[in-house]
Amino acid sequence: MQLNLRNPLTVFDLETTGTNIVNDRIVEISVVKLMPNGEEIVKTHKINPTIPIPHESSLIHGIYDEDVREAPTFKNIAKSLAKFLEGSDLAGFNVLKFDIPVLVEEFLRAGVDFDVSKRKVVDAQKIFHMMEKRTLSAAYRFYCGKTLDDAHSAEADTLATTEVLKAQVNRYDGQDVFDNLGKKLGVITNDVESLHKLTASNLVDLAGRMVLNTKGEAVFNFGKHRQKSVVEVLQKEPSYYDWMMNGDFPQDTKRRLTEIKLKALSNFGR
(Lines give C-alpha, C1' and ligand atoms only; values in the text may rest on other atoms or scores of the structure.)
Protein backbone atom coordinates (compact mmCIF):
# COMPACT_ATOMS: atom_id res chain seq x y z
CA MET A 1 0.00 0.00 0.00
CA GLN A 2 0.98 3.65 -0.32
CA LEU A 3 0.95 6.00 2.69
CA ASN A 4 -1.09 9.19 2.38
CA LEU A 5 1.54 11.91 2.64
CA ARG A 6 1.32 15.70 2.67
CA ASN A 7 5.10 15.95 3.03
CA PRO A 8 7.89 13.53 2.17
CA LEU A 9 8.38 10.95 4.94
CA THR A 10 11.94 9.79 5.62
CA VAL A 11 12.24 6.40 7.31
CA PHE A 12 15.74 5.92 8.69
CA ASP A 13 17.94 3.71 10.83
CA LEU A 14 21.34 4.22 12.45
CA GLU A 15 24.16 1.88 13.38
CA THR A 16 26.38 3.39 16.07
CA THR A 17 29.45 2.86 18.21
CA GLY A 18 27.21 2.24 21.22
CA THR A 19 24.01 3.24 23.00
CA ASN A 20 25.04 6.44 24.77
CA ILE A 21 23.20 9.35 23.13
CA VAL A 22 25.79 11.92 24.20
CA ASN A 23 29.08 10.10 23.63
CA ASP A 24 28.52 7.52 20.90
CA ARG A 25 28.68 8.21 17.16
CA ILE A 26 27.01 7.09 13.95
CA VAL A 27 28.86 4.54 11.79
CA GLU A 28 26.11 4.00 9.22
CA ILE A 29 22.88 5.72 8.27
CA SER A 30 20.29 4.46 5.83
CA VAL A 31 17.20 6.35 4.73
CA VAL A 32 14.15 5.61 2.63
CA LYS A 33 12.53 8.86 1.54
CA LEU A 34 8.89 8.29 0.66
CA MET A 35 7.51 10.96 -1.65
CA PRO A 36 3.84 11.97 -1.84
CA ASN A 37 3.77 10.74 -5.46
CA GLY A 38 4.79 7.23 -4.39
CA GLU A 39 8.48 7.50 -5.31
CA GLU A 40 10.94 5.92 -2.84
CA ILE A 41 14.55 7.11 -2.62
CA VAL A 42 17.00 4.85 -0.77
CA LYS A 43 20.38 6.12 0.44
CA THR A 44 22.93 4.47 2.71
CA HIS A 45 26.18 5.98 4.01
CA LYS A 46 29.02 4.46 5.99
CA ILE A 47 30.43 7.12 8.33
CA ASN A 48 33.79 7.46 10.05
CA PRO A 49 32.81 8.06 13.70
CA THR A 50 36.27 9.54 14.52
CA ILE A 51 36.37 7.29 17.61
CA PRO A 52 37.09 3.54 17.86
CA ILE A 53 34.15 1.20 17.36
CA PRO A 54 33.94 -1.16 20.36
CA HIS A 55 34.31 -4.81 19.39
CA GLU A 56 30.99 -5.72 21.02
CA SER A 57 29.19 -3.15 18.84
CA SER A 58 30.93 -4.43 15.69
CA LEU A 59 29.74 -7.95 16.50
CA ILE A 60 26.16 -6.66 16.41
CA HIS A 61 26.14 -4.58 13.21
CA GLY A 62 29.17 -6.04 11.44
CA ILE A 63 30.94 -2.70 10.92
CA TYR A 64 34.58 -2.52 12.05
CA ASP A 65 37.10 0.33 12.23
CA GLU A 66 38.71 -0.69 8.93
CA ASP A 67 35.30 -0.57 7.18
CA VAL A 68 34.90 3.15 7.89
CA ARG A 69 38.51 4.33 7.97
CA GLU A 70 38.19 5.97 4.53
CA ALA A 71 34.53 6.93 4.94
CA PRO A 72 33.47 10.57 5.37
CA THR A 73 32.86 11.90 8.86
CA PHE A 74 29.37 13.03 9.81
CA LYS A 75 30.57 16.62 9.61
CA ASN A 76 31.54 16.00 5.98
CA ILE A 77 28.00 14.96 5.03
CA ALA A 78 25.98 16.98 7.56
CA LYS A 79 24.96 19.84 5.25
CA SER A 80 24.04 17.62 2.30
CA LEU A 81 22.12 15.24 4.59
CA ALA A 82 20.23 18.12 6.20
CA LYS A 83 19.37 19.37 2.70
CA PHE A 84 18.10 15.91 1.70
CA LEU A 85 15.92 15.78 4.85
CA GLU A 86 14.63 19.34 4.42
CA GLY A 87 10.83 19.51 4.51
CA SER A 88 10.56 15.84 5.36
CA ASP A 89 8.77 14.21 8.29
CA LEU A 90 10.63 11.40 10.06
CA ALA A 91 9.89 7.77 10.87
CA GLY A 92 11.70 4.69 12.07
CA PHE A 93 11.74 1.89 14.61
CA ASN A 94 12.54 3.10 18.14
CA VAL A 95 13.61 6.46 16.71
CA LEU A 96 12.14 8.54 19.54
CA LYS A 97 14.36 7.20 22.29
CA PHE A 98 17.57 6.71 20.35
CA ASP A 99 17.97 7.36 16.61
CA ILE A 100 16.57 10.91 16.47
CA PRO A 101 18.40 12.12 19.63
CA VAL A 102 21.68 10.67 18.29
CA LEU A 103 21.12 12.21 14.85
CA VAL A 104 20.37 15.63 16.35
CA GLU A 105 23.49 15.41 18.54
CA GLU A 106 25.61 14.69 15.46
CA PHE A 107 24.11 17.66 13.60
CA LEU A 108 24.71 19.95 16.59
CA ARG A 109 28.35 18.81 16.83
CA ALA A 110 28.72 19.55 13.12
CA GLY A 111 27.29 23.05 13.59
CA VAL A 112 24.20 22.33 11.48
CA ASP A 113 20.80 23.36 12.85
CA PHE A 114 18.47 20.38 12.46
CA ASP A 115 15.26 21.24 14.29
CA VAL A 116 12.71 18.42 14.42
CA SER A 117 10.13 20.41 16.40
CA LYS A 118 8.24 21.39 13.23
CA ARG A 119 8.35 17.89 11.74
CA LYS A 120 5.94 15.04 12.30
CA VAL A 121 7.61 11.98 13.82
CA VAL A 122 6.24 8.43 13.59
CA ASP A 123 7.74 5.60 15.61
CA ALA A 124 6.72 2.23 14.16
CA GLN A 125 7.92 0.47 17.31
CA LYS A 126 5.51 2.45 19.44
CA ILE A 127 2.58 1.56 17.17
CA PHE A 128 3.69 -2.07 17.31
CA HIS A 129 3.88 -2.07 21.12
CA MET A 130 0.56 -0.26 21.46
CA MET A 131 -1.26 -2.61 19.14
CA GLU A 132 0.46 -5.96 19.73
CA LYS A 133 2.43 -5.31 22.91
CA ARG A 134 8.31 -6.82 20.91
CA THR A 135 11.81 -6.31 18.14
CA LEU A 136 11.88 -5.25 14.53
CA SER A 137 12.42 -8.87 13.47
CA ALA A 138 9.26 -9.92 15.33
CA ALA A 139 7.31 -7.01 13.87
CA TYR A 140 8.51 -7.88 10.37
CA ARG A 141 7.46 -11.50 10.81
CA PHE A 142 4.11 -10.52 12.33
CA TYR A 143 3.07 -7.81 9.90
CA CYS A 144 4.80 -8.88 6.69
CA GLY A 145 5.09 -12.65 7.11
CA LYS A 146 8.80 -12.50 6.35
CA THR A 147 12.07 -13.27 8.14
CA LEU A 148 14.53 -10.41 8.60
CA ASP A 149 17.70 -12.23 7.58
CA ASP A 150 20.07 -9.24 7.75
CA ALA A 151 18.99 -7.65 11.03
CA HIS A 152 21.26 -4.84 12.32
CA SER A 153 22.23 -3.86 8.80
CA ALA A 154 21.00 -0.26 8.58
CA GLU A 155 19.58 -0.67 5.07
CA ALA A 156 17.88 -4.00 5.80
CA ASP A 157 16.39 -2.59 9.02
CA THR A 158 15.22 0.57 7.24
CA LEU A 159 13.58 -1.31 4.38
CA ALA A 160 11.93 -3.70 6.85
CA THR A 161 10.67 -0.78 8.97
CA THR A 162 9.18 0.83 5.86
CA GLU A 163 7.25 -2.37 5.10
CA VAL A 164 6.17 -2.72 8.74
CA LEU A 165 4.87 0.87 8.92
CA LYS A 166 2.82 0.43 5.74
CA ALA A 167 1.44 -2.89 6.99
CA GLN A 168 0.55 -1.36 10.38
CA VAL A 169 -1.46 1.44 8.80
CA ASN A 170 -3.19 -1.01 6.46
CA ARG A 171 -4.00 -3.40 9.33
CA TYR A 172 -5.17 -0.90 11.95
CA ASP A 173 -6.67 1.90 9.85
CA GLY A 174 -9.70 3.23 11.76
CA GLN A 175 -9.00 1.32 14.99
CA ASP A 176 -9.00 3.03 18.40
CA VAL A 177 -5.84 2.98 20.54
CA PHE A 178 -6.03 2.69 24.34
CA ASP A 179 -3.41 2.90 27.07
CA ASN A 180 -2.92 0.25 29.77
CA LEU A 181 -5.65 1.88 31.89
CA GLY A 182 -8.21 1.79 29.11
CA LYS A 183 -8.00 5.49 28.27
CA LYS A 184 -8.45 6.21 24.58
CA LEU A 185 -5.32 7.74 23.07
CA GLY A 186 -6.56 8.22 19.52
CA VAL A 187 -7.24 6.40 16.28
CA ILE A 188 -4.86 4.77 13.79
CA THR A 189 -5.35 6.47 10.41
CA ASN A 190 -3.41 6.73 7.18
CA ASP A 191 -2.15 10.17 8.10
CA VAL A 192 1.31 11.08 9.37
CA GLU A 193 0.03 13.87 11.63
CA SER A 194 -2.32 11.52 13.51
CA LEU A 195 0.43 8.89 13.81
CA HIS A 196 2.78 11.59 15.12
CA LYS A 197 0.24 12.55 17.80
CA LEU A 198 0.01 8.93 18.91
CA THR A 199 3.74 8.23 19.03
CA ALA A 200 5.66 11.46 19.60
CA SER A 201 3.51 14.49 20.42
CA ASN A 202 4.17 14.64 24.19
CA LEU A 203 7.98 14.88 24.00
CA VAL A 204 9.61 18.17 24.98
CA ASP A 205 13.18 17.04 24.29
CA LEU A 206 14.19 14.13 22.09
CA ALA A 207 15.74 12.07 24.89
CA GLY A 208 12.43 12.19 26.78
CA ARG A 209 13.90 13.81 29.88
CA MET A 210 10.99 16.27 29.73
CA VAL A 211 7.47 15.54 28.49
CA LEU A 212 4.11 17.26 28.34
CA ASN A 213 1.56 16.21 30.95
CA THR A 214 -2.19 16.00 30.34
CA LYS A 215 -2.44 19.78 30.87
CA GLY A 216 0.18 20.48 28.21
CA GLU A 217 2.78 21.54 30.80
CA ALA A 218 6.42 20.52 30.53
CA VAL A 219 7.34 18.17 33.39
CA PHE A 220 10.51 16.26 34.20
CA ASN A 221 10.40 12.59 33.25
CA PHE A 222 13.24 11.30 35.42
CA GLY A 223 14.88 11.55 38.84
CA LYS A 224 13.70 13.17 42.03
CA HIS A 225 11.54 15.73 40.21
CA ARG A 226 9.74 13.23 37.97
CA GLN A 227 6.25 14.50 36.99
CA LYS A 228 6.98 17.92 38.52
CA SER A 229 6.58 21.09 36.48
CA VAL A 230 9.88 22.14 34.91
CA VAL A 231 9.10 25.83 35.47
CA GLU A 232 8.21 25.30 39.14
CA VAL A 233 11.35 23.23 39.80
CA LEU A 234 13.58 25.86 38.19
CA GLN A 235 11.91 28.58 40.26
CA LYS A 236 12.20 26.70 43.57
CA GLU A 237 15.58 25.08 42.90
CA PRO A 238 17.58 27.24 40.42
CA SER A 239 20.69 25.10 40.98
CA TYR A 240 18.91 22.19 39.25
CA TYR A 241 19.27 24.04 35.94
CA ASP A 242 23.03 24.42 36.48
CA TRP A 243 23.30 20.76 37.45
CA MET A 244 21.63 19.66 34.21
CA MET A 245 23.59 22.11 32.04
CA ASN A 246 26.86 20.79 33.48
CA GLY A 247 25.71 17.17 33.49
CA ASP A 248 25.92 14.36 30.97
CA PHE A 249 22.71 15.29 29.15
CA PRO A 250 22.22 15.63 25.37
CA GLN A 251 22.69 19.09 23.90
CA ASP A 252 19.10 19.02 22.68
CA THR A 253 17.85 18.48 26.26
CA LYS A 254 19.94 21.42 27.49
CA ARG A 255 18.68 23.59 24.63
CA ARG A 256 15.02 22.84 25.38
CA LEU A 257 15.56 23.36 29.12
CA THR A 258 17.13 26.77 28.42
CA GLU A 259 14.22 27.71 26.16
CA ILE A 260 11.73 26.87 28.94
CA LYS A 261 13.75 28.86 31.48
CA LEU A 262 14.03 31.93 29.24
CA LYS A 263 10.34 31.81 28.36
CA ALA A 264 9.42 31.57 32.05
CA LEU A 265 11.66 34.54 32.88
CA SER A 266 10.09 36.51 30.03
CA ASN A 267 6.57 35.76 31.21
CA PHE A 268 7.51 36.59 34.82
CA GLY A 269 8.83 39.98 33.73
CA ARG A 270 5.60 41.01 32.03
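Only a single criterion out of (1) outside any helix (DSSP H, G or I); (2) modelled with pLDDT of 95 or more; (3) surrounded by 21 or more Cβ atoms within 10 Å (Cβ to Cβ) is not satisfied by Ile100, namely (1). Against the definition (under 30 Å from Glu193 (Cα atoms) and of a type in the set (Ser, Thr, Tyr)), how does Ser57 come out, yes or no? No: the conditions fail for Ser57. Taking the stretch 1-49 as the search range and keeping residues that are hydrophobic (A, V, I, L, M, F, W, C) and surrounded by fewer than 21 Cβ atoms within 10 Å (Cβ to Cβ), which one is modelled with the lowest pLDDT? So the residue we want is Met1.
This table checks each residue for (1) surrounded by fewer than 18 Cβ atoms within 10 Å (Cβ to Cβ); (2) outside the structural domain of Val187 (by TED's automatic domain parsing); (3) under 22 Å from Asp24 (Cα atoms); (4) within 19 Å of the chain's Cα centre (by Cα).
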site	(1), (2), (3), (4)
Ile51	yes, no, yes, no
Ile63	no, no, yes, no
Arg109	yes, no, yes, yes
Asp115	yes, no, yes, yes
Cys144	yes, no, no, no
Thr147	yes, no, no, no
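State whether the residues of the stretch 232-249 include one that is assigned to a helix (DSSP H, G or I), surrounded by 14 or more Cβ atoms within 10 Å (Cβ to Cβ) and either of a type in the set (Phe, Trp, Tyr) or within 20 Å of the chain's Cα centre (by Cα) (or both). Scanning the stretch 232-249, I find at least one residue that is assigned to a helix (DSSP H, G or I), surrounded by 14 or more Cβ atoms within 10 Å (Cβ to Cβ) and either of a type in the set (Phe, Trp, Tyr) or within 20 Å of the chain's Cα centre (by Cα) (or both), so the answer is yes. Looking at the stretch 118-154 only, could you name the residues that are closer than 29 Å to Arg256 by Cβ and at pLDDT 90 or above? Scanning the stretch 118-154 gives Arg119, Lys120, Val121, Val122, Asp123, Ala124, Gln125, Lys126, Ile127, Phe128, Leu136, Ala154. Considering the stretch 1-97, the qualifying strands (runs of 3 or more DSSP E), each wholly inside and each with 2 or more residues that are more than 18 Å from Asn190 (Cα to Cα), run over 9-16, 26-34, 40-46.
The values are calculated or read from the model by the stated rules, or taken from the named source; none is laboratory data. Because the structure is predicted, anything quoted here is derived from the model rather than measured. All Cβ positions, even for glycine, are placed from backbone atoms using ideal geometry, and neighbour counts span all protein chains on display.
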